[in-house]
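First the structure, in the form of C-alpha cells, and then the observations on it.
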Amino acid sequence: MRKQGIGTVVLITEAFEELARATLASRGVPDLPMVIFPHQTEVMTTEELRPVVEWAVDNEIVPLIEAVRGPLA
C-alpha cells in the first residue's frame, strides 16, 4: 500500500519484531514504520488494552501515516 502512496504502519507485538523486519526487508520495504505493542496484549482485558491502543493511535500511528499522506481530515 505504501508503494501506492497510501500511509501504512505495521502493528505487531514485541515477539514478532525480528520476523516483521525480515519480512519487510524481503518485500523491499525495510523502512516501513512499525508500532510495537507489548507482547502480553493477548492476555490483557479490553479495559487494560484500550489506553495502550488509544495512546498508540494518537502518538504513533496517526503521525506516521500523516508523514506519508499529509494531515488526516
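The values are calculated or read from the model by the stated rules, or taken from the named source; none is laboratory data. Model, not experiment: these values are computed from the prediction. Because the Cβ atoms are built from the backbone with ideal geometry, glycine has one as well, and the counts that use them run over all protein chains shown.
Check V35, V68, V29, V9 and return the single one that is at pLDDT 90 or above and surrounded by 10 or more Cβ atoms within 10 Å (Cβ to Cβ). Write out each step before concluding.
On the way: V68 fails: at pLDDT 90 or above; V29 fails: at pLDDT 90 or above; V9 fails: at pLDDT 90 or above.
After ruling out the rest, the residue left standing is V35.
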| remark: Residue pairs qualifying under the 8 Å Cβ cut-off, at least six apart or on distinct chains, with the first in the range 1-12 being more than 18 Å from E60 (Cα to Cα) and the second being hydroxyl-bearing (S, T, Y) and modelled with pLDDT of 70 or more, are M1/T8
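Keeping to the range 4-17, report how many residues are in a helix (DSSP H, G or I) and under 21 Å from A67 (Cα atoms).
Of the residues in the range 4-17, the ones in a helix (DSSP H, G or I) are 4, 14-17.
Then drop every residue that is not under 21 Å from A67 (Cα atoms), which leaves 4.
Qualifying residue count for the region: 1.
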| note | Considering residues that are within 14 Å of T8 (Cβ to Cβ) and assigned to a helix (DSSP H, G or I), the number found within the range 18-73 is 13
